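The values are calculated or read from the model by the stated rules, or taken from the named source; none is laboratory data. Predicted model, so just to flag it, every value in this text is computed and none were measured. With ideal geometry, Cβ positions are generated from the backbone for all residues, glycine too; neighbour counts draw on all protein chains shown. Accessible surface areas use protein heavy atoms only, side chains included; no ligands, DNA or RNA. Shrake-Rupley method; radii C 1.70, N 1.55, O 1.52, S 1.80 Å.
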4 protein chains.
Amino acid sequence: MTFTDSASDSGKSATRERILDAAAEVFATKGYHSSVVDDIVHDSNTSKGAVYFHFPSKQEIFLALVSRLADTLIRSTQDAIMEQQDGLAKFDAALGTVFEALSRHRALAKILLVSGAGLGRPFDEHLFNLLDRFAGMIKDNLDEAIAAGSIQQMDTSIVAYAWLGAVHEIVTRWLYTGKPDPLETAVPTLRILLLGSVGLPIGTAGR
Amino acid sequence: MTFTDSASDSGKSATRERILDAAAEVFATKGYHSSVVDDIVHDSNTSKGAVYFHFPSKQEIFLALVSRLADTLIRSTQDAIMEQQDGLAKFDAALGTVFEALSRHRALAKILLVSGAGLGRPFDEHLFNLLDRFAGMIKDNLDEAIAAGSIQQMDTSIVAYAWLGAVHEIVTRWLYTGKPDPLETAVPTLRILLLGSVGLPIGTAGR
Amino acid sequence: MTFTDSASDSGKSATRERILDAAAEVFATKGYHSSVVDDIVHDSNTSKGAVYFHFPSKQEIFLALVSRLADTLIRSTQDAIMEQQDGLAKFDAALGTVFEALSRHRALAKILLVSGAGLGRPFDEHLFNLLDRFAGMIKDNLDEAIAAGSIQQMDTSIVAYAWLGAVHEIVTRWLYTGKPDPLETAVPTLRILLLGSVGLPIGTAGR
Amino acid sequence: MTFTDSASDSGKSATRERILDAAAEVFATKGYHSSVVDDIVHDSNTSKGAVYFHFPSKQEIFLALVSRLADTLIRSTQDAIMEQQDGLAKFDAALGTVFEALSRHRALAKILLVSGAGLGRPFDEHLFNLLDRFAGMIKDNLDEAIAAGSIQQMDTSIVAYAWLGAVHEIVTRWLYTGKPDPLETAVPTLRILLLGSVGLPIGTAGR
DNA sequence: GATGAATGAGATTTCATTCAT
DNA sequence: AATGAATGAAATCTCATTCAT
């Protein structure tokens, strides 16, 4: 999966894509508020008019960008999960996909996880919904595992957010400090942690 | 502990405190960038001149606020830990203190955890150091537990961040959605999760 | 008379007419400056290219519209006058025609009387010429009446503008407030006023 | 009376007055839309910040200006009326005052009568209320005259607007063409017209 | 210490007009 | 004739910061 691919949007204007690509670069580098629309105009080799023809406001550019990134990430994670049969294998596939994708596209990951935080109502809401979709995915799989008797009864909602938070924090830390390098180094420990947290015997066959 | 208390700053100007209090409220409500200095001036019943007499810039107001909050939170957590002998008791005391403090001061918690993220260099650095101090505390205690043989060898750095992230996410979620209500409801589940994640037998004798 | 008819422009493009119709609606509703070309494009179900193919500029659309309206209004008023022999009957016919026409086409009346005022040189000049033609009509008829000895000598130029202004103000008031309802209600009073203002005995036999 | 005097506003900021004065000049010269805030900033020798400190928007500057002008004009007209006992003398005083004031301050008259027309909702409404106050003044005096038996019963509301319109049009014409020169030349004819329109015997002793 | 009017660089957004297709 | 994406000059407004009082 490519994470940035927009190949499927065959009908999308090339200019629109150029603008989004430039915006991704700019926002990731300077953060939302320090980025000015003129930067995007310049980097996209378009014009102010073109930008405002395709997007009603700077905010909407950012939000469109976040949506595009999140959609891709969520979709590929779901695909990876569905390719596996076993519950543990699903877990491993999801964790691996997410870390690999974020690791490969550090700039975009920054936009998704960091740039938009603390920006006020509309941004937070948007970002929240996205993380919620991830949390929902985790919760669904945990509920299945409980139904299958693999793990014992618990408040899966809390667990889902805790897991999300753990991943989020480690990735964020990596985004800022570059450690661990490479990001994927954290996966084995994290795997043990997360599985252990729901009482799963680890090491078992593991990977 | 009061978390907002500035009792020890016996020599500090009352105006300065009024400004910080107003700033806390404003930043928590609107986020850093959406808050304008005039809001703080207005809410603090002072004047623009007064604000700039006490603080060199808007940024410094925010940073001062964050420092004040974090210092108090960290100190009271450490105090709570030191009051306990047993490792498990220390853990419970820390978790309880943090959740209680954040729960009691929702607005301030919001500033500490979300308002400042993604704001660019100086902010992030500041905020990061704070979280790092917490992570350090966690790591130290985990290392002790390993040395004591209570838990097995692992990358305690990753674990510390994962724990931090889990707590962070759950509190953040509560800040936005109000759930769980009250926040402390999440503690038991979270306790099991965190302890379980490092392989500690739980439920057993509980506390 | 139809006031909006462009039947005589048998060779004119249907698109051009669609644009003018939409422009009339838009300008009347929002005024000149608040109307954007895109509004006209949208309402006329044409395209930006089409609009700029038929008109060199936004300004010219407005001017064309005003001209079309004024020509029709002036022509039908003159026709109504010519159908009458008696001076008093001519006056009544003119007053009736104008009020009836404006009353029937409120939106267009608004464009003619208010939308274009205070817009700067080219507009004002254009609009002025129109009102001048009306004033000229009034003046000519007054001069005739003086020559015929029906009314006494006076500065007919001032009178013409005063009459025009009286009508203009009452119609404008109606455009904004909807009163009097219907507009024609004002005619009898206005008739007495205008005739009385030049010393004509009124009430006499009415008409 | 000075029409522009702001002597009585002893508490008003000098900067605010400078801005309003500059705005008057600019708006009168170029019209509302062709005037840019930077013009006002420049001509007032202040700064953009100062302008927006005293007025929330360009629109409000204009509206404040119109109000200031209208207040002064209405007040001095009322004063002039109250100084007279006789009904006819009141009429003459009012007509004289208005024409003299407008004649003396052509630029401001332009703002009051022309610049704001056709600018859209908020402007029109404002301007309307102002003219309404004048119409009210006229109507009140006419009603008194009817009560006193000086003139016969009639729809004084229509008459008030017709009179207003007559004056408005003649002044507007003068503003654009400079004729009649001086403006006051029109007064005698207008006097005969207006009085005659309500059936008052004129010429009688004249004035 | 405190006040609040003043500053001005700079940001976002608008929209009449053009032009390749 | 018609389309609509693209252009870019220009406009309004924001707001952190300064400074005379």
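Considering only the range B:199-207, I want to know if a residue exists there that is part of a helix (DSSP H, G or I) and open to solvent by less than 60 Å² (accessible area, probe 1.4 Å). For the range B:199-207, residues part of a helix (DSSP H, G or I) and open to solvent by less than 60 Å² (accessible area, probe 1.4 Å): absent. Taking the criterion of being under 18 Å from B:Trp174 (Cα atoms), in contact (Cβ under 8 Å) with a residue 40 or more places away in the chain and surrounded by 20 or more Cβ atoms within 10 Å (Cβ to Cβ), the only residue of the range A:131-161 that qualifies is A:Phe134. Just one of the listed residues (C:Ala205, C:Ala160, C:Ala166, C:Ala148) is more than 7 Å from chain D (Cβ to nearest Cβ) and at pLDDT 95 or above, namely C:Ala160. Inside the range C:36-73, can you point out the residues that are away from chain D (no Cβ under 14 Å), within 13 Å of DNA strand F (Cβ to nearest atom) and among the aliphatic types (A, V, I, L, M)? Scanning the range C:36-73 gives C:Val37, C:Ile40, C:Val41, C:Ala50, C:Val51. For the range B:10-121, the helices (runs of 4 or more DSSP H) that sit wholly inside it and include 3 or more residues that are over 24 Å from B:Phe134 (Cα atoms) and within 16 Å of DNA strand E (Cβ to nearest atom) are B:14-30, B:37-43, B:48-54. Of the set (1) within 7 Å of another protein chain (Cβ to nearest Cβ); (2) more than 13 Å from D:Gly165 (Cβ to Cβ); (3) in contact (Cβ under 8 Å) with a residue 12 or more places away in the chain, all apply to C:Leu193 but (2). Check the range A:39-57 and report whether any residue there is out of contact with any helix residue (DSSP H, G or I) (no Cβ under 7 Å at 6 or more places or on another chain) and among the charged types (D, E, K, R). So far as the range A:39-57 goes, no, none of its residues is out of contact with any helix residue (DSSP H, G or I) (no Cβ under 7 Å at 6 or more places or on another chain) and among the charged types (D, E, K, R). I need the full set of residues from the range A:169-186 which are more than 7 Å from chain B (Cβ to nearest Cβ) and of a type outside the set (Val, Ile, Thr), in order please. Across the range A:169-186, the qualifying residues are A:Trp174, A:Leu175, A:Gly178, A:Lys179, A:Pro180, A:Asp181, A:Pro182, A:Leu183, A:Glu184. Can you find a residue that is over 13 Å from the mean Cα position of the chain (by Cα) and on the phi > 0 side of the Ramachandran plot anywhere in the range C:91-99? Scanning the range C:91-99, I find no residue that is over 13 Å from the mean Cα position of the chain (by Cα) and on the phi > 0 side of the Ramachandran plot, so the answer is no.
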